[in-house]
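The values are calculated or read from the model by the stated rules, or taken from the named source; none is laboratory data. Since we're looking at a predicted model, the values are computed, not measured. Virtual Cβ from ideal backbone geometry, glycine too; neighbours counted across all protein chains shown. All accessible areas refer to the heavy atoms of the entire protein, side chains included, with ligands and DNA or RNA removed. Shrake-Rupley method; radii C 1.70, N 1.55, O 1.52, S 1.80 Å.
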Amino acid sequence: DNSSAWRMDPQCPLVVPEIEQVISSPVDARVVRILKRAGAQVRTGEPLLQLDISQSVLAVEKLDQDLAIKRNQEAQSKLQLDNTLSELASQVEIKKLQLESARLEHQRNQQLFKEGLISEEVLRRSEVAERQAGIELKRLEEARRNAQAATSAELAGLALETSKLAKDRAEARRVLDLATTRADRDGVLTWSLTEEGITINRGSVVARLADLSSFRVDASVSDAYANRLRTGQPVQVRIDDTVIAGRISEVLPTVQNGVVTVRVALDDSSNSLLRPNLRVEVFILTDHRDRALRVRKGVATSGEGVQQVFVIRGDRAERTRVRFGIASFDFVEVAEGLAEGDEIIVSDMTDYLHLSSVRIR
């Protein structure tokens, strides 16, 4: 027959909720009132405790003011920069007109010089005036381009500051909205604060909420079998006479007090027999044999290794050396010493081990 090795957990495993949510305080606050206590059933959105949120309200109001000031500063800066750009644009247009006028004056003087009506000095002054107007126009156009670049950079910087303040304000508002701590799922409070009036810090645990619609089992196994444990291994959980199948979902990496903790996911995680902190028996499959010779477990056949058992031969029970192998819930593998069909005594025969055989009445 097939034989499997099931290692029993050396310590009593516990049934725990598959999902247990830790609820923490979103703000530094004082507990005004505890609305739900440990053991209470709660529904999604139901408040658990009320916090003094005056400091958080002030923080939101301050951010509102800072944001309004920054937006006003941004608007004023944009208006001032627009005025500067507008003034430079006007100066450029005026300078273009002046350049055009100087160019026409120079062209007219060139014609008059050819006709001998003006001196070369007058022609030179008109040429210089035209070149000066051109240089000044280029300088103004460059100043306008620089002003446009500076305007874009300054407005972008103000926009970033405004955006950051807006995000800070939104986060402060979100935290404020969470100040009355609420359940985000249906469940049962397994723990909660018990004292009203105490001050708690942001991130402090204020309650634990368990979803009692599904469970898992946390079990401990001797570290002697640590190298045989792996996720996915079959597990059987016994509750009285009921067996629930499952698999190892996680093997915790640390060893404490000589044991390794494993978490067991159950195939029927919502079985009606399951309840929080219920102690159960857990058996983990660590080995398997196909077509193994096996015998029912008893006091005389309780473990691996060599043992002395009494095999019934006619009207006598003869003491026989037998080596047992892997063991399951109810059976143990016979590695050597017995043959198929042999009948043995599995009850306690310690008082007769000094005899080679005993008569059976």
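Only Lys, Arg, Asp and Glu count, each charged at its Cβ (+1, +1, -1, -1), so figure out the dipole size of the stretch 170-257 about its Cα centre, rounded to 20 debye.
Numbers: 11 positive and 12 negative charges, 70 e Å.
About 340 debye.
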Nearest-ten-degree value, helix 120-177 long axis tilted from longest Cα axis of the chain: 30
Set of lysines with alpha-carbon distance to LYS164 below 24 Å, sequence-local pairs under 8 removed: LYS62, LYS70, LYS78
Listed candidates (1) 45.0, 161; (2) 21.7, 66; (3) 20.6, 64 - label of the one calculated as Rg and Dmax of the Cα atoms in Å: (1)
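What ranking do 114-124, 39-49 get when scored by the average of other Cβ atoms within 10 Å per residue, highest first? Mind showing how you got there, number by number?
Numbers: 114-124: 11.0, 39-49: 14.5.
The densest-packed peptide leads the list: 39-49, 114-124.
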Separation of alpha-carbon centers, the stretch 179-218 and the stretch 299-361, rounded to whole Å: 55
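Say R0 is 25 Å: what FRET efficiency, to the nearest 0.05, do ARG30 and ILE69 get from their beta-carbon distance? Walk me through the intermediate numbers first.
Values: r = 30 Å, r/R0 = 1.21.
Efficiency for this residue pair is about 0.25.
Residues of the stretch 87-128: accessible area per residue at 1.4 Å, in Å²? Provide the component values of the computation, followed by the final result.
Values: 3050 Å² over 42 residues.
Per residue, the stretch 87-128 has an accessible area of 73 Å².
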Charge context of LEU112, other residues only, Cβ under 12 angstrom, K/R +1, D/E -1: -1
Test item: Cα-centred dipole of the chain, Lys/Arg +1 and Asp/Glu -1 on Cβ, debye: 120
Sites LEU273 and SER302 - FRET efficiency at Förster radius 25 Å, r taken between beta-carbons, to 0.05: 0.35
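Explain nothing, just the number: dipole magnitude of the stretch 116-155 about its Cα centre with +1 on each Lys and Arg Cβ and -1 on each Asp and Glu Cβ, in debye rounded to the nearest 20.
Details: 7 positive and 8 negative charges, 18 e Å.
The dipole of the stretch 116-155 has a size of about 80 debye.
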Carbon + sulfur, % of accessible area of the chain - ligands and nucleic acids excluded, 1.4 Å: 47
Helix 54-114 axis, angle to the chain major axis (alpha carbon atoms, nearest 10°): 30
Unit charges at the beta carbon, dipole of the chain: most positive-side option, THR286, ASN72, GLN256: GLN256
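How high is the relative contact order of the stretch 214-345, in percent, counting Cα pairs under 8 Å that sit 6 or more residues apart? Can you show the working numbers first?
Numbers: 244 pairs, mean separation 26.4, N = 132.
RCO, the stretch 214-345: 20 percent.
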Cβ crowding within 10 Å averaged over residues, with 128-141, 156-169 ranked highest first: 128-141, 156-169
5 angstrom amide H check on ILE118, placed H, neighbours 5+ away: PHE113
Residue among VAL237, ALA335, LEU123 farthest towards the positive dipole end of the chain, charges placed on Cβ: LEU123
